[in-house]
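Just below is one structure, and these are the notes that go with it.
The values are calculated or read from the model by the stated rules, or taken from the named source; none is laboratory data. Keep in mind it's a predicted model, so treat the numbers as computed, not measured. Cβ placement follows ideal geometry from the backbone for every residue including glycine, while neighbour counts extend to all protein chains displayed.
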Amino acid sequence: MSNSKDEQLEHYKAYDEGKLLTTNEGLKVTDDEFTLKAGVRGPTLIEDFYFRQKMTHFDHERIPERVVHARGFAAHGHFKVYESLARYTKAKFLCDPSITTPVFTRFSTVAGSKGSADTVRDVRGFATKFYTEEGNYDLVGNNMPVFFIQDGIKFPDFIHAVKPEPHNEMPQASSAHDTFWDFVANNQETAHMIMWVMSERALPRSFRMMEGFGVHTFRLINEQGEAHFVKFHWKPLLGRQSQIWKEYQKVAGYDPDFHRRDLWENIEMGNVVEYELGLQIIPESEEFKFSFDILDATKLWPEEDVPVQIVGRLTLNRNVDNVFAETEQVAFHVGNVVPGIDFTNDPLLQGRLFSYTDTQLIRLGGPNFHELPINRSVCPFHNNFRDGFGRQTINVGQVSYNSNSLFNHTPRPATLSEGGYEHYQEKVEGRVIKARADSFKDHFSQATMFWNSMSNIEKQQIKDAFTFELSKVKSKSVQQQVITMFANVSSELVEYVSERIGITYVDKQKQAPEKQNTKASPALSVDQSPKSARTRKVAIVISDTVLSSQLQPVLDALNKEMVQYRFVGERLGNVLDQEGGEWMIQDTFFNTDPCLFDGLIIAGGLEHPQLIKPFILETYQQYKPLASLQQYEEILTQLQIADQPGVIQASSAGKKTGSKFVEAIAQQRFWNRTL
Ligand code: HDE
């Protein structure tokens with residue numbers, strides 16, 4: 001892909017390979033091993049300017065990590081709209097299907113520090129910078145469509161509560177502690193979002209397999225000045241997939257970089273990572289038609305009531321060259337918009353409009369972060385902003401003010417026909433007041449709707465998540481408050497959890513909320529969403545007993561559906577099979593684990609039953625598909641799992657072993673197994 005952003009970035013890259021070592025000023029350096037000394041055993045001399053420069057730079061090479069979303073990973077790509085959206089917006093990149101807009105997308109966890117594990121229970125950030133011809137547009141969203149709070153002023157409190165507790169800096173990257181749940185119980189607007197965070201949505205299998213949401217209600221404005229309310233969605237083309245909690249815990253140890261590695265490797269392999277852009281549109285005339293306030297960020301618009309129109313595609317296909325320069329220095333801002341896209345009075349969104357630039361001023365060291373290569377727009381910028389730390393532009397001429405005559409009144413404001421941005425002229429009236437609108441006060445209906453929309457398995461996972469989290473809370477009072485709060489969402493949930501955390505649930509007389517409010521939105525269930533096997537990863541256990549003639553057809557079936565595999569064995573290196581085939585063992589029982597794979601094929605390895613049995617059993621206990629080539633099936637019988645769902649035996653599946661296994665991979669889990 002070649003486009004102006006790529007060319008621009010190319011211009012900034014430093015290619016050091018094959019070059020002579022120099023100081024920052026370009027002076028060639030003759031030694032990089034010893035400081036300058038008075039005598040070989042003598043004191044170091046301060047006049048060693050190269051040593052001073054090297055050490056000074058090192059001493060200053062850390063910048064503050066993001067106060068939230070510190071741990072992130074990003075990739076380049078492009079976006080294209082399928083057909084013109086001129087009926088809704090005048091944003092050029094959304095009106096012309098022939099325009100390919102370069103993008104940079106950063107995924108992140110929220111609570112953990114930069115060095116925390118990828119697989120933690122958390123919301124994931126999903127932020128995309130579109131380098132459009134009209135300026136940078138940032139869609140700074142999450143993988144969940146709602147948020148914890150309704151008003152930006154509460155954000156610092158919420159983050160203080162979820163971050164490690166200040167007196168002992170524990171726990172890292174986890175919400176399972178007192179202050180988080182204390183905040184929840186004392187800010188009941190969190191109820192709906194908590195249901196999401198306790199669900200498997202907080203445990204994505206991959207950034208490539210999760211949805212994204214703009215969360216807030218934005219406005220689209222067309223050329224005629226007509227406005228529509230809009231919610232933005234990203235729908236992954238690979239389908240949605242999550243992991244399970246126990247698996248996540250192990251992954252964090254085996255590979256804390258699990259998600260970034262997955263994204264990096266798939267892009268390196270040329271597997272494009274794609275999401276479709278979806279829009280939910282509500283005409284201005286229907287603003288008050290709903291049972292909730294459409295400006296409330298703790299509410300979603302059920303897809304069954306307001307369908308998602310699929311309008312374009314985001315493709316991520318190029319890894320960064322340098323994580324610091326790109327992923328770390330990228331500065332997203334929900335306030336970066338282009339003509340045709342505008343804000344609404346969502347009080348959470350309004351709070352964000354202040355925060356992003358403010359935090360970047362300190363994180364990126366001053367007001368010129370927009371000049372960093374990753375943040376530069378592809379269109380030129382002209383204004384009278386000047387100076388500041390790290391200024392890179394050399395502004396020419398004597399004028400740096402508006403209005404002037406010496407520069408012929410330029411740079412001058414653009415007219416609308418010249419593409420100037422005009423804020424939507426909404427009529428606003430009201431008393432100046434610190435309060436919440438009554439229409440924002442129902443905190444539980446949609447939380448119950450979320451519960452009602454889950455499959456039994458998903459409900460069980462939510463119950464277990466609440467049980468885990470609340471059992472880590474030390475304060476009985478906080479536990480009690482949370483149980484009382486979620487009794488407004490589901491009796492089934494609180495009865496289960498309260499029993500396991502030793503709290504008396506006193507409201508048994510009350511009618512179950514889920515029986516009073518039966519609304520459900522099937523689109524919310526991950527379990528029931530369309531699945532795919534593409535680019536999932538399986539382990540194939542082999543040894544020198546493997547038969548190429550049996551394994552190859554299975555591999556052909558995997559390759560056809562782009563299922564990835566790695567050969568696992570007792571030791572690294574090549575094995576020769578009995579038919580003369582040569583196979584390379586890439587991982588061993590000692591350095592890998594079933595938690596890192598989506599399924600297992602047994603094609604050897606029975607000579608080490610003590611190694612292979614735990615591998616098989618764990619795959620089985622994680623409900624993941626298993627297949628066995630014919631001569632190894634006895635181990636399934638020995639383990640008493642041969643007849644269980646999702647366990648495929650070549651003796652009965654025959655030529656279909658590979659394709660049946662692929663189908664099983666797409667199904668992901670077989671919950672109805674006997675454990
Ligand atoms: Fe953020 N958020 N946020 N946020 N947010 C930041 O900006 C903030 C909110 C989101 O990969 C910070 O540059 C406030 C909702 C993402 O670089 C900070 C409020 C959503 C990212 C900030 C919110 C988000 C951030 C930290 C409530 C989903 C990472 C560093 C009013 C729609 C972007 C930075 C990246 C980052 C403030 C709420 C998403 C402090 C005040 C809602 C994906 O400015």
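Note on the stretch 163-201: among residues that are of a type in the set (Val, Ile, Thr) and surrounded by 21 or more Cβ atoms within 10 Å (Cβ to Cβ), the one that is farthest from the chain's Cα centre (by Cα) is 184. Can we say residue 481 is closer than 18 Å to residue 447 by Cα, at pLDDT below 95, more than 30 Å from the chain's Cα centre (by Cα) and not aliphatic (A, V, I, L, M)? No; evaluated as a whole, the condition is false for this residue.
Checking 354, 332 one by one, the residue that is within 21 Å of residue 259 (Cβ to Cβ) and assigned by TED's automatic domain parsing to the domain that holds residue 76 is 332 and no other.
Filtering the stretch 147-182 to residues that are away from the ligand (no atom under 12 Å from the Cβ) and polar (S, T, N, Q) leaves 168, 172, 174, 175, 179.
Before we move on, is residue 386 outside the structural domain of residue 109 (by TED's automatic domain parsing) and in contact with a helix residue (DSSP H, G or I) (Cβ under 7 Å, 6 or more places away or on another chain)? Answer is no for this residue. In summary, residue 111 fulfils each of the numbered conditions (1) within 24 Å of residue 420 (Cβ to Cβ); (2) buried (at least 23 other Cβ atoms within 10 Å of the Cβ); (3) not charged (D, E, K, R) with the single exception of condition (1).
Which helices (runs of 4 or more DSSP H) sit wholly inside the stretch 472-583 and have at least 1 residues that are under 30 Å from residue 635 (Cβ atoms) and of a type in the set (Lys, Arg)?
Working: elements: 476-486, 491-501, 513-516, 548-560.
Ranges flagged: 548-560.
Mind listing whichever residues of the stretch 337-368 are part of a loop (DSSP other than H, G, I, E, B), farther than 23 Å from residue 88 by Cβ and within 10 Å of the ligand (Cβ to nearest atom)? Quick ask: steps written out before the conclusion?
Step one: filter the stretch 337-368 for residues part of a loop (DSSP other than H, G, I, E, B), giving 337-340, 343-346, 364-368.
Filter again for farther than 23 Å from residue 88 by Cβ, leaving 364-368.
If the condition is that a residue be part of a loop (DSSP other than H, G, I, E, B), farther than 23 Å from residue 88 by Cβ and within 10 Å of the ligand (Cβ to nearest atom), then 364 is the only one that fits.
Remark: residue 263 falls outside the filter, which requires a residue to be hydrophobic (A, V, I, L, M, F, W, C), closer than 25 Å to residue 317 by Cα and assigned to a loop (DSSP other than H, G, I, E, B). When the stretch 25-74 is examined, which residues are found to be in contact (Cβ under 8 Å) with a residue 12 or more places away in the chain and on the phi > 0 side of the Ramachandran plot? Scanning the stretch 25-74 gives a single hit, 69.
Contact annotation: residue pairs with Cβ atoms under 6 Å, 6 or more positions apart or on different chains, pairing a residue in the stretch 326-339 that is within 19 Å of residue 8 (Cβ to Cβ) and modelled with pLDDT of 95 or more with a partner that is β-branched (Val, Ile, Thr) and within 12 Å of the ligand (Cβ to nearest atom), are 326/374; 329/374; 330/374; 332/140. Checking each residue of the stretch 633-646 against the condition of being in a loop (DSSP other than H, G, I, E, B) and β-branched (Val, Ile, Thr) gives at least one match.
Residue-wise test of (1) more than 28 Å from residue 245 (Cα to Cα); (2) touching a helix residue (DSSP H, G or I) at 6+ places or on another chain (Cβ under 8 Å).
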site	(1), (2)
562	no, no
572	yes, no
577	yes, yes
585	yes, no
589	no, yes
610	no, no
634	yes, no
652	yes, no
664	no, no
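Residues in the stretch 298-328 that are of a type in the set (Phe, Trp, Tyr) and surrounded by 20 or more Cβ atoms within 10 Å (Cβ to Cβ): 301 only. Of all the criteria given as (1) touching a strand residue (DSSP E or B) at 6+ places or on another chain (Cβ under 9 Å); (2) at positive phi, the one not satisfied by residue 239 is (1). Residues in the stretch 251-267 that are among the charged types (D, E, K, R) and either over 20 Å from residue 200 (Cα atoms) or surrounded by fewer than 17 Cβ atoms within 10 Å (Cβ to Cβ) (or both): 257, 261, 265. Scanning the stretch 106-128 for residues being within 9 Å of the ligand (Cβ to nearest atom) and either at pLDDT below 95 or not small (Gly, Ala, Ser) (or both) gives a total of 6.
Among the residues of the stretch 592-632, just one is among the acidic types (Asp, Glu) and either in a helix (DSSP H, G or I) or outside the structural domain of residue 548 (by TED's automatic domain parsing) (or both), namely 618.
Conditions (1) farther than 18 Å from residue 352 by Cα; (2) touching a Leu at 6+ places or on another chain (Cβ under 9 Å), marked per residue:
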position	(1), (2)
119	yes, yes
131	yes, no
135	yes, no
142	no, no
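Can you find a residue in the stretch 667-675 that is of a type in the set (A, V, I, L, M) and modelled with pLDDT of 95 or more? No: the stretch 667-675 contains no residue that is of a type in the set (A, V, I, L, M) and modelled with pLDDT of 95 or more.
Only one entry in 228, 233 is in contact (Cβ under 8 Å) with a residue 12 or more places away in the chain, in contact with a Pro (Cβ under 7 Å, 6 or more places away or on another chain) and outside any helix (DSSP H, G or I), namely 228. Under the condition of being surrounded by fewer than 18 Cβ atoms within 10 Å (Cβ to Cβ) and of a type in the set (Lys, Arg), the residues counted in the stretch 360-382 number 1. Against the test of being of a type outside the set (A, V, I, L, M, F, W, C) and farther than 27 Å from residue 493 by Cβ, the options 192, 167 yield a single qualifying residue, 167. Every residue in the stretch 63-90 that is part of a loop (DSSP other than H, G, I, E, B), within 16 Å of the ligand (Cβ to nearest atom) and not acidic (Asp, Glu), please. Listed by number, the residues that qualify are 63, 64, 66, 67, 68, 69, 70, 71.
If only residues of the stretch 369-389 that are without any contact (Cβ under 8 Å) to a residue 60 or more places away in the chain and among the polar types (S, T, N, Q) are counted, the one that is farthest from the ligand (Cβ to nearest atom) is 384.
One residue stands out among those in the stretch 574-614 that are farther than 23 Å from residue 253 by Cβ and among the β-branched types (Val, Ile, Thr): the one that is surrounded by the fewest Cβ atoms within 10 Å (Cβ to Cβ), which is 575.
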